[in-house]
Structure formats: C-alpha cells, structure tokens
Amino acid sequence: MRSIEQLETLVGHKDRTWSVAWNPTGTLLASSGADKTVRLWGKEGARWVCKGLLEGPHQRTVRCVAWSPCGRLLATASFDGTTCIWKSNSSEFECIATLEGHENEVKSVSWSSCGSLIATCSRDKSVWIWDVDENNEDFECASIKSEHTQDVKCVRWHPTDEVVASASYDNTIKMFAKELDDWCCFCTLESHTSTVWSIDFDDSGNRLVSCSDDRTVKIWQRYLPGNAQGVATTGKYPTWKPVCTLSGFHDRPIYDVKWCKRTGLIATACGDDALRIFQLDESVGDSDQPSFCLVASYPKAHSQEVNGISWNPAISGLLASCSDDGEIKLWNVVSSA
C-alpha cells in the first residue's frame, strides 16, 4: 500500500483552476484557470513559489497547459477559441504565436514526443493537428479531423509514435495517424457509457488509461498486426481493446487521469474532491487480463472538485493537483511501512 502526503498549497489564481503541467525537467509547474492567466511555479529553498505570471493574450478561461518536449515552449489552450505558444526568453516567457481556427472553446492541447507536432481539440467537435517549425516560430495547420460527433475533451500523443488519441463527449476515444498526405482515424475505442474526460498512455505506449463521467477507469491494450493473441487488426494499424475496468472506487465523474512514467502509478482527479492512486497487481501474470489495485486515496484533497493532476517527470511520487477551489496542491505519494 501507499499513502498520499500533502506537501504544499500554492495560492495565487483568482478563480477555479483547470490544468497543471510540469516542464520536462520537473523544475517548473505551469497552472491555468478561469482567471485567464497561467502561473509558473518554481522552488526557492524548501518552498514552491510563483516565478511568473502569463496574462494578456487570452480573453477567457485558460483550460489547458502543455510543455514542449524541449521545455522551451509552453502551449496554452483557452475557451476564447485560441491556443497561444509561449517561448522562454532567459527568465521570461513571451507569446510568439496564436493558433486560431477552432469555432468554439479549445479544451486540450498536446505536443508530440519529437516536438514537431501539436494537437488541439474543441467543443466544435474537431481535432486539429499543427506542424511546428520552432526555429522559424512557425505553426501551420496540417489537418482538421471531425470524426467525433460531440465536444472533444482531451488530446494526447503516443509517447513514441506519431499517433494522437482524442477523448469525447460522444463516449468514445479515437486514434489518428498520418496516411499519405493527410491524417486518418484508424481506430475507435468504445466501452465507456458516458463522456470520456481524459486519457493518458503508459511509458511503453502499449497501454492507454481513460476516465469517464460513468465513474470508471479503463485500461486499454494495444495489439499490433500479427500479434500472438490472434486479435484481428486492419492493415498496418494496431487494435486497441479494453482489458481492465476499475469501477466502484469513485463517487462522481472522474475528470483527469495520469499514468506516471517513472513509477507506473495511475492517479485520478475526481468530482468527489478526492485523489486516488492505482497500481498494477504484479501477481497477476496475464498481460491480457491485468488487475489494478487502489493503493492510496485522499478523500478531501480539495474543498471542491479536482479538475487536473500532473506527475513530476523527475521526482518519483511528486504529484500536482488543481481544483474548482482555485488552489494548486503538491503531494508526495510514498510507500507505506
């Protein structure tokens, strides 16, 4: 078993907070909220303090923040329909580009593992894929995908492949890859019975975790063409199948889920104000029927709904969370004696 220890509460946002994301080295935490701002938090001595305030370009809530793999660029997605790209210039960040085109609120933004692609999604039911030329500070829309029938809540790139997954109010997850000169949807994952709020890949990219308004967490397994299990695939593309469902642990919709790339732990952010940590049961040897156990929970992590979470990529067990209560909190997930 494990326990969750609260380390610090970071106060500064003037309204609910929606998103938190660590930079690749784990030295800066970006947070965003309904106050139209992004705050950057860094460590001074033993404390985490606000190191920067990014404001001005966005006219409405900043719904999502995401760092580029190199850590020099920060993308911020807003309800104003735009995504801004900020570049680190010594100790300050400046907005170098504004990605426009979505008809409604942008809900999520994600960078590909090589940093040459960005995906955004929106209430307009579309996923946009952008080509990135960092040297020339040029960002160009490469493809617009409208396969979802409802609001798209989240986009996430595969950790090694140029494949992007999207989660939607239409209860599905879709996978996109480049086919010749355009991007195509090669797989639709169906199992949830309500809105899929968030998704995340494990470190290997062979599994995906999803969370939903149906109060369940699902683990999906990738089966490549010619797999030993005999799972049918189409052409060169893999098939994704649900192999584990975690139900009965959450009392309200689950708004975010993150798979720690260092420890393999899965964290969830829930509308019942709680944080929960799940871990693979190593005693179950069948990888096609894995079992995940609840190993830690913190019932009243925030005074209101928990909207977002992020694992620190450099410090094992360090978790950030944000909430409707406007606060950012830092937690340490440790092994219990």
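Just so you know, in segment 218-237 the residues that are touching a Ser or Thr at 6+ places or on another chain (Cβ under 6 Å) and either surrounded by 15 or more Cβ atoms within 10 Å (Cβ to Cβ) or hydrophobic (A, V, I, L, M, F, W, C) (or both) include one that is nearest to Cys293 (Cα to Cα), and it is Lys218. For segment 165-182, name all the residues that are assigned to a loop (DSSP other than H, G, I, E, B) and more than 19 Å from Val106 (Cβ to Cβ). Result: Asn171, Leu180, Asp181. Going through segment 310-337 one residue at a time, which ones are of a type in the set (Ser, Thr, Tyr) and either in contact (Cβ under 8 Å) with a residue 60 or more places away in the chain or on the phi > 0 side of the Ramachandran plot (or both)? Those that are of a type in the set (Ser, Thr, Tyr) and either in contact (Cβ under 8 Å) with a residue 60 or more places away in the chain or on the phi > 0 side of the Ramachandran plot (or both): Ser310, Ser321, Ser323, Ser335, Ser336. Of the residues making up segment 204-213, at least one is open to solvent by 10 Å² or more (accessible area, probe 1.4 Å), in contact (Cβ under 8 Å) with a residue 40 or more places away in the chain and more than 15 Å from Thr245 (Cα to Cα). Within segment 117-139, residues that are farther than 29 Å from Thr149 by Cβ have Cβ atoms under 6 Å from residues that are open to solvent by 30 Å² or more (accessible area, probe 1.4 Å) in these pairs: Glu137/Ile96, counting only partners at least 6 apart in sequence or on another chain. Looking across segment 76-133, the residues that are surrounded by fewer than 16 Cβ atoms within 10 Å (Cβ to Cβ), over 19 Å from the mean Cα position of the chain (by Cα) and more than 14 Å from Pro57 (Cα to Cα) come down to Asn89, Ser90, Ser91, Glu92, Glu103, Asn104, Asp131, Asp133. In a residue-by-residue description of segment 181-189, the property of being in contact (Cβ under 8 Å) with a residue 12 or more places away in the chain, within 17 Å of Ile144 (Cβ to Cβ) and among the charged types (D, E, K, R) applies to at least one position. Of everything in segment 51-72 that's open to solvent by less than 50 Å² (accessible area, probe 1.4 Å) and within 17 Å of the chain's Cα centre (by Cα), which residue is farthest from Tyr255 (Cα to Cα)? Filtering segment 51-72 for residues that are open to solvent by less than 50 Å² (accessible area, probe 1.4 Å) and within 17 Å of the chain's Cα centre (by Cα), the one farthest from Tyr255 (Cα to Cα) comes out as Gly71.
Checking each residue in segment 131-150 for being in contact with a Lys or Arg (Cβ under 9 Å, 6 or more places away or on another chain) and assigned to a loop (DSSP other than H, G, I, E, B) picks out Glu134, Glu137, Ser146, Glu147, His148, Thr149, Gln150.
The values are calculated or read from the model by the stated rules, or taken from the named source; none is laboratory data. Keep in mind that this is a model prediction, so the values were computed, not measured. Here Cβ is always computed from backbone atoms with ideal geometry, including for glycine, and neighbour counts include all displayed protein chains. Keep in mind that these areas ignore ligands, DNA and RNA; they rest on the heavy atoms of the full protein, side chains included. Shrake-Rupley method; radii C 1.70, N 1.55, O 1.52, S 1.80 Å.
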